[in-house]
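The values are calculated or read from the model by the stated rules, or taken from the named source; none is laboratory data. Keep in mind the model is a prediction, meaning the values are calculated, not measured. Virtual Cβ from ideal backbone geometry, glycine too; neighbours counted across all protein chains shown.
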Amino acid sequence: MLNHTLSRRELLCKAGLGFGMLGFAGALQAAETVKVGQHFPAKAKRVIFLFMNGGPSHVDTFDPKPTLAKVEGQKPDAKLFRAAKGGYIPSPFKFEKHGQSGLVMSELFPHLSKCADDLCVIRSMHTDNPNHEPGLLLMNSGNQQPIRPSLGSWVSYGLGTLNQNLPAFVVLAPRKPVVGPQLWSSSFLPGAHQGMSVNTASFEVDKLVANLRNANLTAPQQKEQFDLLQSLNRLHSDQRERDAAYESNIQAMETAFHMQTEASEAFDISREPKRVQELYGDSNFGRQCLLARRLSERGVRFVQAYYLGTGDNQPWDTHSDNDARHRKLCADSDRATAALLTDLKQRDMLKDTLVIWGGEFGRTPYAEPQKDKTKNGRDHHHTGFSMLMAGGGIKGGLTFGATDEFGMNAVENRVHVHDLHATILHMLGIDHEKLTYRYSGRDFRLTDVHGRVVKEVMA
């Protein structure tokens, strides 16, 4: 009979190669290049996400609830919804049908109502948390914690840019939103896929894009310098095989150089005809929408425009004076959004540009009471709210899903944030289950282990 007993020293000696090969195998696995690109023909080439920070009220915009007038002042059943501070309040705004489709929206959108037959209103959105930070993170990255790549970064990683002289993912905002740069972070994806953040507090090109012009070198001199640095970088890189951080730095510098030849034109909205500038309006958000169209037209794959005030990073968070604030906010957003859709359509771009409008959640059908009852607000609401989609293969003139008669909960054709993400990727020709990245020993994806493509909203 053989003696299989081994001392600790013998075990380590005999098994050393085995442990080493396990580590080597893990290194090889981590170094595998995940196949990216389209998995099937795409309906959309690019995305423009118009983000309404704070959460617009669905019952005041796209989801009329006449029942609220019948139960005004009554509090929701505490067994169903314990968070209610006040009673139900009806919307003061009139809702009407528009377009050949008869799409219903409130009087707050006189311009957008003219685009009714291009719009798909999803009334059955729901998410996991009624608080801004986790709500924003979930809507922007599919996870409530700041640990995952953003939606735009996944799109950049999966498809790349349509223009090598511009980034694939650009973020427009006049100030830092709640949570901040994590909303456009590439996280564990290569750094080249992080969103390029553009501060739109000023629309002077030199302020939008810092260090756009070299004060000391001419363009030919810069090109000569660039070629030399590129050669040195590649020599250095060859000695550090597959150093992701180093490669990301090189890519970032190369993109920055190429941007000098194109960004000065792409980011300059003053080049637009006066009639086009007037179409979008003179508000910050209007100018952001115009810039989003220019960037999309020039090959930026994913543009996200955040609706923020110069002194307010959650303008749609209407805890008080909900009605008056929605009148003001919608007037601005309505004109700019309608201008964007109209402009894209006139340029034959709407058919392959997916436009999304919405916030991190909605607002309650019941009141958040104020001392002055004429200025009552609405609280955060995550169990049922509305979002808009248009273009990029989306079925226009469609209302999809429904909340209950009070607007409390999504009850028909429910669409979770993960479903929205899966659908966005699908419109771009990406199977959300196949777009993965191996990190820390496992494959990650935008939708984690969730997500259903909402094929009913596709044309």
Would you pick out the residues in region 203-227 that are at pLDDT 75 or above and part of a helix (DSSP H, G or I)?
Val205, Asp206, Lys207, Leu208
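Residue by residue, here is whether (1) in a loop (DSSP other than H, G, I, E, B); (2) of a type in the set (Asp, Glu) holds:
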{"residue": "Arg294", "(1), (2)": "no, no"}
{"residue": "Asp323", "(1), (2)": "no, yes"}
{"residue": "Cys330", "(1), (2)": "no, no"}
{"residue": "Ala339", "(1), (2)": "no, no"}
{"residue": "Thr342", "(1), (2)": "no, no"}
{"residue": "Asp348", "(1), (2)": "yes, yes"}
{"residue": "Ser386", "(1), (2)": "no, no"}
Scan region 397-410 residue by residue and report those that are farther than 9 Å from Val121 by Cα and in contact with a strand residue (DSSP E or B) (Cβ under 9 Å, 6 or more places away or on another chain).
Ala402, Thr403, Asp404, Phe406, Gly407, Met408, Asn409, Ala410
Looking at region 143-156, can you tell me whether even one residue there is assigned to a helix (DSSP H, G or I), among the hydroxyl-bearing types (Ser, Thr, Tyr), surrounded by fewer than 22 Cβ atoms within 10 Å (Cβ to Cβ) and in contact with a His (Cβ under 7 Å, 6 or more places away or on another chain)?
no
When residues of region 404-447 are limited to those that are in contact with a Pro (Cβ under 9 Å, 6 or more places away or on another chain) and within 19 Å of Pro56 (Cα to Cα), the one surrounded by the fewest Cβ atoms within 10 Å (Cβ to Cβ)
Glu405
Restricting the search to region 180-193, which residues are surrounded by 20 or more Cβ atoms within 10 Å (Cβ to Cβ), in a loop (DSSP other than H, G, I, E, B) and not small (Gly, Ala, Ser)?
Leu189
Answer with yes or no whether Ala305 is in contact (Cβ under 8 Å) with a residue 24 or more places away in the chain, assigned by TED's automatic domain parsing to the domain that holds His380 and in a helix (DSSP H, G or I).
no
Filter pass, Gln144 being more than 27 Å from Gln38 (Cα to Cα), touching a Leu at 6+ places or on another chain (Cβ under 9 Å) and free of Cβ contacts under 8 Å to residues at least 60 places away in the same chain:
yes
Within region 43-56, is there a residue that is more than 22 Å from Leu329 (Cβ to Cβ), part of a strand (DSSP E or B), in the same structural domain as Val415 (by TED's automatic domain parsing) and over 23 Å from the mean Cα position of the chain (by Cα)?
no
Selected residue [of a type in the set (Lys, Arg) and more than 25 Å from Val303 (Cα to Cα)] from Lys375, Lys395:
Lys375
Quick check: anything in region 279-294 buried (at least 17 other Cβ atoms within 10 Å of the Cβ), within 27 Å of Thr200 (Cβ to Cβ) and modelled with pLDDT under 65?
no
Does region 390-406 hold any residues that are in a strand (DSSP E or B) and either in contact with a His (Cβ under 7 Å, 6 or more places away or on another chain) or of a type in the set (A, V, I, L, M, F, W, C) (or both), and which are they?
Ala390, Ile394, Leu398, Phe400, Ala402
Would you point out which residue out of Arg378, Arg363 is at pLDDT 95 or above and over 20 Å from Met139 (Cα atoms)?
Arg378
